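First up is the structure itself, then whatever we jot down about it.
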Protein chains: 2
Amino acid sequence: MAETRYQRRKEERPDEIAEAAFDVFSEHGYAGARVDEVARKAGVSKGLLYLYFKTKEELFKAVVMRVISPRMDALIERLSTSEQSAEEFLRGPLTQFMQQLPRSRARVVIKLMISDGSRHPDLVDFYWESVASKGLALISSIIERGVSSGEFRKTAVSELPQLVIAPMMVATVWKIVFADRSLDTDRLVSTHIDMLVSYLKTERSKTR
Amino acid sequence: MAETRYQRRKEERPDEIAEAAFDVFSEHGYAGARVDEVARKAGVSKGLLYLYFKTKEELFKAVVMRVISPRMDALIERLSTSEQSAEEFLRGPLTQFMQQLPRSRARVVIKLMISDGSRHPDLVDFYWESVASKGLALISSIIERGVSSGEFRKTAVSELPQLVIAPMMVATVWKIVFADRSLDTDRLVSTHIDMLVSYLKTERSKTR
DNA sequence: ATATTTACTGACTAATGGGTCAGCAAGATT
DNA sequence: AATCTTGCTGACCCATTAGTCAGTAAATAT
C-alpha cells in the first residue's frame, strides 16, 4: 500500500500547467479564469503552480506566447523557400493556412486578444510584432510579387492585405460565437480566394 | 446651504445605469466588470443599482439587448422599402452599414459575444435570432434577387453571405484589438464590395 | 407646517479568489 | 539504512466584490 501521493516531475510541470491554463483561459478569458481550476485540471496543487508561475498574469502571458511563437514562423518559412507564382501561393499554402486556423489553437489566441487585449497591451504588441504585422506584410509582398510579374493588375488590395484574410476572421469568430451552428469554413475561404484572384486578374478595369 | 444630496429620478435611472454599464462591460467584459464602477459612473449608489437590476447578470443582458434590439430592424426596414438593383443595394446602403458598424456601439456587442458569449448562451441565441440570422438572410436574398434578375451569375456566394460581411468583421476586430494602429476601414469595405460585385458579374466562368 | 411615501444611500456581510508558507515526503546521496 | 535535498501539498490569509438592508431625506399629499 503506501501509494505514493505524488511524483516529482520538475521538467514536465510547467508544460502541463500551461496546457491546463490554456483550456481554462480559452473557456473563461483572463478575468473569468480561476487559478484553482487550472491547478485542478493540471492535477497539481495551487502552491506548485505558483512555484512555476509568479502570478496569474504571468501564467496568462506564458500561455499566449506558447501558442503564438511557433505559429507564424512556420508559414513565413514555407513562403520564403517557395518558388510558386503568386496565384499558386494564394490558392495553395495560404488557403490551407486560412482554412485550418479557425480549427487550431490560434483561434483561442484571437479570442483572447479580442476579449483581454486591452488589459494586456504588451501581449497585443507582441502579437502584433510576431504575428499580425509579419503575416500581413507577407501577404502584401505576395500580391506585389504578382503585380510586378504581370500576373495581377494593380489594385488597392496591395495596401489592404486585411482583405485577403477576411474570410479567415469571419470563420474564426463564427466558430467562437456560433460553435454549434454549422458553416462550411473551408468553402468560405476557398470561394473568397477564388473571388480575390479573379479580381486581381481581371484585365479591363471595372467601372467606378 | 443644505444642498440637496440627490435627486429622485425614477424614470431616468435605469437608462443612466445601463449606459454606464455599457461603458464598463465594453471595457472589461462581463467577468472583469465591477458593479461598483458601474454605480460610480452612473452617479448612483450600488444599492440603487440593485433596486433596478436584480443581479449583475441581468444588468449585462439588459445592456446587450438595449443595443441589439433597435439595430437590425433599421436595416431590414431600409431594404424592404427599397427598389434598388442588387448592385445598387450592395454598393449603397449595405456598404454604408458595414462601414459604420465598426465605429458604432454594435462593435461592443460583437466583442461581448466573442468574449462572454459562451457563458451567456441565451444572449447568443437572442443575438442570432434577432441580428445575425436576419442579417445574413437579408444579404442572401439580395444576392438571389440579383441572380434571378440576370444581374449576377450563380455562385457560391448565395449560400455564403458571410463572405459579404467579412471585411466588416475584420474591421471590427481590428478596431477592438489594434485600436491605435490605423486602418482605412471604409476603403477596406468598399474595395471588398467592388471585388464582390466584379466577381458576381464576371461573364465567363473562371477556371477551377 | 406636518405627515406620508418611497427613491436613494452607504455601511455592512458572506463568499470568492489570488497569493503564501510551514511542513511533508519522494527521490537522490552517502 | 540513514540523511539530505527539494518538489510538492493543503491549509491559511486577506483583499476584493456581488449582493443586502436599515435608515435617510427628497418630493408629495394633507
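Here are the numbers:
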{"read-out": "Nm distances between copies for residue B:23, ranked from closest, using label points 7 Å along Cα→Cβ", "value": "4.0"}
{"read-out": "Residue A:23-residue B:88 pseudo-label distance in nm [points 7 Å out on the Cα-to-Cβ vector]", "value": "5.7"}
{"read-out": "Acute angle (nearest 10 degrees) that the helix A:56-80 long axis makes with the longest principal axis of chain A, alpha-carbon atoms", "value": "30"}
{"read-out": "Exercise: per-residue mean of other protein chain Cβ atoms within 10 Å, B:178-186", "value": "3"}
{"read-out": "Copies compared at residue A:41 - label distances in nm, ascending, label defined 7 Å from Cα in the Cβ direction", "value": "2.9"}
{"read-out": "Derived scalar couplings ³J(HN,Hα) [the range A:18-33; Karplus, 6.51 cos²θ - 1.76 cosθ + 1.60; whole Hz; x for Gly, Pro]", "value": "4, 4, 4, 4, 4, 4, 5, 4, 4, 7, 10, x, 5, 5, x, 6"}
{"read-out": "Environment charge of residue B:41, counting only residues whose C-beta is closer than 12 Å and scoring Lys/Arg +1, Asp/Glu -1", "value": "-3"}
{"read-out": "Residue of B:84, B:96, B:162 that the Gaussian network model of chain B assigns the largest fluctuation, springs spanning Cα pairs under 10 Å", "value": "B:84"}
{"read-out": "Length added when fully stretched, residue A:7-residue A:41, from 0.36 nm per residue minus Cα-Cα", "value": "10.6 nm"}
{"read-out": "Farthest toward positive dipole pole in the range A:10-157 [+1 Lys/Arg, -1 Asp/Glu at C-beta], among A:60, A:150, A:32", "value": "A:32"}
{"read-out": "³J(HN,Hα), Karplus 6.51/-1.76/1.60, whole Hz, each residue of the range A:88-101, x for Gly, Pro", "value": "4, 5, 4, 6, x, x, 5, 4, 4, 4, 5, 6, 8, 4"}
{"read-out": "Shielding score for A:21-32, defined as the mean number of other chain Cβ atoms within 10 Å", "value": "3"}
{"read-out": "Packing-based order for B:98-107, B:9-18, A:167-176, using average beta carbon neighbours within 10 Å, highest first", "value": "A:167-176, B:98-107, B:9-18"}
{"read-out": "Eligible lysines near residue B:175 by straight Cα distance, threshold 18 Å, same-chain separation 8 or greater", "value": "A:111, B:111"}
{"read-out": "Shortest-first nm distances, residue B:184 label point to equivalent points in other copies (7 Å, Cα→Cβ)", "value": "3.5"}
{"read-out": "Shielding by partners, peptide B:166-176 (average Cβ within 10 angstrom, other chains)", "value": "6"}
{"read-out": "Rounded tilt (10° steps) of B:106-116 against the dominant C-alpha axis of chain B", "value": "80"}
{"read-out": "Overall Cα dimensions of the protein assembly as shown, principal axis frame, Å, largest first", "value": "70, 66, 45"}
{"read-out": "Student exercise, chain A dipole from Lys, Arg, Asp, Glu Cβ charges, in Debye to nearest 20", "value": "340"}
{"read-out": "Taking only Cα atoms of chain B, radius of gyration then Dmax in Å", "value": "21.1, 83"}
{"read-out": "Residue-wise HN-Hα coupling along the range A:128-143, computed from phi with Karplus coefficients 6.51, -1.76, 1.60 (Hz; x: Gly, Pro)", "value": "4, 5, 9, 10, 4, 5, 4, x, 5, 4, 4, 5, 4, 5, 5, 4"}
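Bear in mind these aren't lab numbers, they're just calculated from the coordinates by the rules spelled out. As the structure is a computational prediction, the values presented were derived from the model and not from experiment. Please note: Cβ atoms are built from the backbone with ideal geometry, for glycine as well, and neighbour counts cover all protein chains shown.
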